[in-house]
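Let me begin by presenting the structure, written as structure tokens, before commenting on it.
The values are calculated or read from the model by the stated rules, or taken from the named source; none is laboratory data. Treat the numbers as computed from the prediction; the structure is a model and nothing was measured. For neighbour counting, all protein chains shown are included, and Cβ atoms are generated from backbone atoms with ideal geometry for every residue, glycine included. For the accessible areas, the whole protein counts, side chains as well, though only heavy atoms, and no ligand, DNA or RNA atoms are used. Shrake-Rupley method; radii C 1.70, N 1.55, O 1.52, S 1.80 Å.
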Amino acid sequence: MNSVYLKSLELDKIIARAAALTVCAEAKERMLALELQTDPDEVRFALSQTDAVGSLLLKNGGPRFGGVEAVDKVVRRAVKGGVLSMAELLLVAGALRNFQNLVSWYGMTEHDLLPTDDLFYALSPQPALEKQITDAIISPEEMADTASSTLFDLRRKIRATENSIRDKLESLVRSQATSKYLQEAVVSLRNGRYVVPVKAEHRGDVGGIIHDVSSTGATVFVEPTAVVEANAKIMQLRSQEQAEIERILASFTAQVAGLEPMFSYSYDAMLNIDVLLAKAKMALEMHAWMPQVSDDVSFKLHKARHPLIDPAKVVPIDVELGIDYDTMVITGPNTGGKTVTLKTAGLLCAMAQCGFLIPAHESSSVCVFQEYLVDIGDEQSIEQSLSTFSGHMKKITGILESAWKGTLVLLDELGAGTDPAEGAALAVSIIEELRRMGARIMATTHYAEMKVFALETPGVVNASCEFDVESLRPTYKLSVGVPGKSNAFLISEKLGIPERIIQSARIHMDSDDKRLDSVLAQLDDLKLQLKAGQEEIERLKYEAEHQLESARKKRDDLVRQGEQELEAARAKARQMTQQIQAEAYALTDELRKLQKDEKTSAAQRAQRAREIAKKDTERLLNQSDVVHQAKKEFVPLKEVRVGQEVVIAELDQPATVVSLPDRHGMVEVRAGIIKTKVPLSGLCAPNKLKKDPPKKQRPGLAGRDSSAARTTVDRVQRTASMEADLRGLTVEEALMETDQYIDHAVMSGQTEVWLIHGKGTGALRSAIQQHLKGHRNVKSFRLGRYGEGEAGVTVVELK
């Protein structure tokens with residue numbers, strides 16, 4: 001593609017902005033060399049990769065990623081046999097560290113298959129080698145003592161020998177016999193050997209080897225005879241030290257060379273990931289989304305924003321092309337946003353073809369253009385010279401030579417800079433020729449003839465950039481389907497041009513221009529009406545959605561409250577069941593004791609049993625039975641005040657008034673943590689409920705004691721379990737449990753029960769059956785049949 005046209009769209013600024021976010025120099029070069037993809041599938045894949053990395057950035061944050069450069073060349077040199085330096089090995093370690101950090105970052109959160117999987121799976125971390133290098137090499141010029149045991153031993157010997165030499169020389173310079181021959185009492189190094197500064201006239205008084213002379217000749221640097229041998233030993237040890245360092249470097253180099261070719265694949269993947277990270281970071285900065293990619297030559301941008309305009313000032317636009325029409329003619333006043341509209345449409349499509357997410361709504365779609373042909377002149381001048389017109393025509397000549405199906409042509413101020421009649425005719429002819437070639441066209445103009453052409457030609461649509469005549473400022477909003485007005489007369493009048501001049505100008509207008517201006521004025525009025533109606537519809541839609549959401553919230557609150565109350569009722573029921581069962585067992589125990597009491601007569605025992613049945617069993621049943629209460633009557637409140645304590649009569653629920661009744665008579669109250677609205681007629685004062693109407697006696701209770709009638713209620717029929725599990729109990733415990741269980745079953749009206757005692761040794765079964773033979777409530781018993789538990793179950797028939 002022609003880079004000049006893309007530069008006119010300012011795509012180079014977008015790419016440079018993304019390149020500044022890369023970490024590695026080579027990744028920056030790749031970003032700056034980006035080219036537009038021309039295959040829809042490749043564009044979709046590139047966009048999906050950027051979107052996937054952006055999602056990972058939101059979930060995992062940014063990865064730990066250090067900048068490295070030309071490491072692949074370093075590794076290739078190692079493969080060819082070159083020994084790498086400490087600085088080069090540190091670069092290799094940095095790249096290996098990046099591989100490890102990127103792999104760890106990618107796996108921080110669980111995710112499905114992503115289009116970037118191949119890149120991250122290509123990374124081959126070598127944590128062991130990376131640690132060995134970083135532990136052994138402290139800096140590009142220094143290797144650690146711990147790089148090898150040999151190096152550690154050599155450096156220990158060097159330090160010991162150096163300390164010995166210093167001690168001898170320090171003793172020498174402090175000696176009164178020798179210090180008088182020295183220039184100063186210091187020890188220095190010359191050519192890697194320890195020396196002392198001796199006055200030149202006493203050079204023969206201090207035995208040793210002269211290694212250097214001062215610039216004045218007054219001082220000679222002598223290596224005393226006492227340390228010559230030690231200095232020689234140090235030189236030998238340093239030579240061995242350097243050889244050991246070379247050996248370590250060669251060993252590391254061999255390990256690095258063994259990483260190929262996987263290292264090159266990993267390094268290339270790392271650079272591509274660096275590019276994707278930069279694209280994703282820029283997308284997050286500009287709040288960009290991944291668009292859909294059309295297979296045909298059409299795009300639809302919703303709430304599209306120019307990425308280089310201040311986000312606080314940019315006005316989103318809706319623009320589409322290639323679906324219902326292939327050409328858009330944009331009109332309107334200067335500085336109204338016509339040129340920005342052209343650039344926004346072209347730039348966002350070009351960005352998508354580079355794999356950049358675009359600053360538009362996620363429902364937007366783009367297409368793949370094979371070429372962008374652009375003639376946009378941003379510089380505005382009062383007078384348009386012939387040279388300017390010639391320059392535009394030269395560009396359009398090139399555009400006509402390159403245009404074909406699959407190209408986007410963007411023309412700013414088409415036909416300007418010459419006679420208006422000729423310029424308009426030329427502009428119409430150019431657009432007709434481009435349409436015959438199959439190009440998609442967006443053009444801006446001020447010519448009325450172009451507006452008429454768009455109105456009369458199928459496939460061509462008018463659009464306008466709105467202008468606020470009252471404030472004399474553009475709104476930058478694009479209105480499709482309606483041509484724009486220049487508003488020259490209105491603007492001139494607002495700026496103070498006398499009315500007589502405005503009227504005279506209207507007289508000089510051509511009649512066709514007058515009719516067109518009248519039609520455009522009617523269209524403007526219709527557009528304003530439609531806009532007002534659309535805004536009202538949007539407002540009502542918002543209110544309806546808000547009310548629906550509020551109703552859903554209240555419904556969810558009520559459902560949640562009902563579930564909580566139901567669970568509380570269930571818990572209370574379980575507690576009452578346990579209590580009733582325990583008291584029922586106690587009652588049967590008391591009845592059993594009464595039957596065994598030989599001191600009382602049979603009549604007295606029967607009377608006592610009736611008293612227990614009357615007193616205790618009805619009390620237990622009252623606690624557990626379901627009672628259908630009659631609807632309570634109450635005196636409704638006529639007025640309330642905020643903060644007043646009231647009762648919701650229907651629910652018998654205390655509440656507090658939150659707000660006064662509205663026009664429908666609904667009062668907002670708070671009951672516990674729930675706020676709700678109830679009618680004023682449904683509220684009553686606390687403790688003002690009327691007494692319940694007397695319960696009607698059942699026919700069977702007529703003539704009985706009234707107190708018995710009041711305490712006896714309709715209850716739900718209760719049933720006991722059909723089986724008792726006695727396994728694991730001792731014989732004594734099992735017999736006691738059997739008695740209680742059979743008594744409970746008899747009271748419940750059951751005629752048959754199962755006692756589960758298991759097979760085992762048969763001792764528990766024998767004891768239970770022996771006990772059943774003398775039980776007063778047992779009619780007969782047998783072992784279980786096939787399918788009933790056989791010898792592990794005793795089936796008991798009750799009297």
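Measuring nothing but how far apart in sequence close Cα pairs (under 8 Å, 6+ apart) lie, relative to its length, region 74-223 scores a relative contact order of 14 percent.
Between rounded, prolate and oblate, where does region 339-444 land on the alpha carbon gyration tensor, with a ≥ b ≥ c its root eigenvalues, rounded for a/c under 1.5, else prolate if a/b exceeds b/c? Don't skip to the end; give the middle numbers.
Values: a/c = 2.43, a/b = 1.66, b/c = 1.46.
Here region 339-444 falls in the prolate category.
Net charge near Ile430: determine it from the other residues with C-beta under 15 Å of the C-beta of Ile430, scoring Lys and Arg +1 and Asp and Glu -1. Its environment carries a net charge of -4. Note on Arg663 and Lys303: with the Förster distance fixed at 30 Å, the Cβ-Cβ geometry gives a FRET efficiency of about 0.15. Taking a ≥ b ≥ c as the square roots of the Cα gyration tensor eigenvalues, with a/c under 1.5 meaning rounded and otherwise prolate when a/b beats b/c, else oblate, which class fits region 62-153? In terms of gyration-tensor shape, prolate. Each peptide in 531-537, 258-264, 74-80, 112-118 was scored by the mean count of other Cβ atoms within 10 Å over its residues; highest first, the order is 74-80, 258-264, 112-118, 531-537.
Over region 387-429, all Cα pairs binned in 5 Å intervals from 0 give whole-percent P(r) values of 5, 21, 30, 26, 11, 6, 1, listed from short to long. Which percent of the accessible area of region 57-187 is formed by carbon and sulfur heavy atoms (probe 1.4 angstrom)? Carbon-and-sulfur percentage of accessible area, whole number: 51. Residue order by solvent-accessible surface for Thr150, Thr134 is Thr150, Thr134, largest first, with ligands and nucleic acids left out and a 1.4 Å probe. Mind running the shape call on region 164-306? Use the C-alpha gyration tensor, a ≥ b ≥ c as the square roots of the eigenvalues: rounded below 1.5 for a/c, prolate if a/b tops b/c, oblate otherwise. Prolate, because a/c is 1.5 or more and a/b exceeds b/c. Full extension of the segment from Thr751 to Ile537, taken as 0.36 nm per residue of separation minus the current Cα-Cα distance, would add 69.8 nm.
In region 128-210, Rg over Rh equals 1.22, where Rg is the alpha-carbon radius of gyration and Rh the Kirkwood radius from pairwise Cα distances. Once you divide the Cα radius of gyration of region 38-115 by 2.2 N^0.38 Å, the number left is 1.47.
Only one residue of Leu114, Val71, Gly61 has its Cα farthest out toward the positive end of the dipole of region 50-118, where Lys and Arg carry +1 and Asp and Glu -1 on Cβ, and that residue is Val71.
Heavy atoms only, probe 1.4 angstrom, no DNA, RNA or ligands counted: give me Tyr542, Tyr372 ranked by accessible area, highest first.
Details: Tyr542 145, Tyr372 0 Å².
If we order Tyr542, Tyr372 from most to least accessible, we get Tyr542, Tyr372.
Ligands, DNA and RNA aside, Glu69 has an accessible area near 110 Å² when probed at 1.4 Å.
Counting only protein heavy atoms and using a 1.4 Å probe, the accessible area of Leu34 comes to about 50 Å².
Kindly report the accessible area of region 86-149 per residue (heavy atoms of protein chains, probe 1.4 Å, no ligands, DNA or RNA), in Å².
Roughly 50 Å² per residue, with all protein chains present.
Sorting Thr219, Thr339 on solvent-accessible area from highest to lowest, probe radius 1.4 Å, gives Thr339, Thr219. Taking every protein chain into account, the 1.4 Å probe leaves Ile317 with about 10 Å² of accessible area, to the nearest ten. Mean sequence separation of contacting Cα pairs (under 8 Å, at least six apart), scaled by the length of region 760-799, corresponds to a relative contact order of 36 percent.
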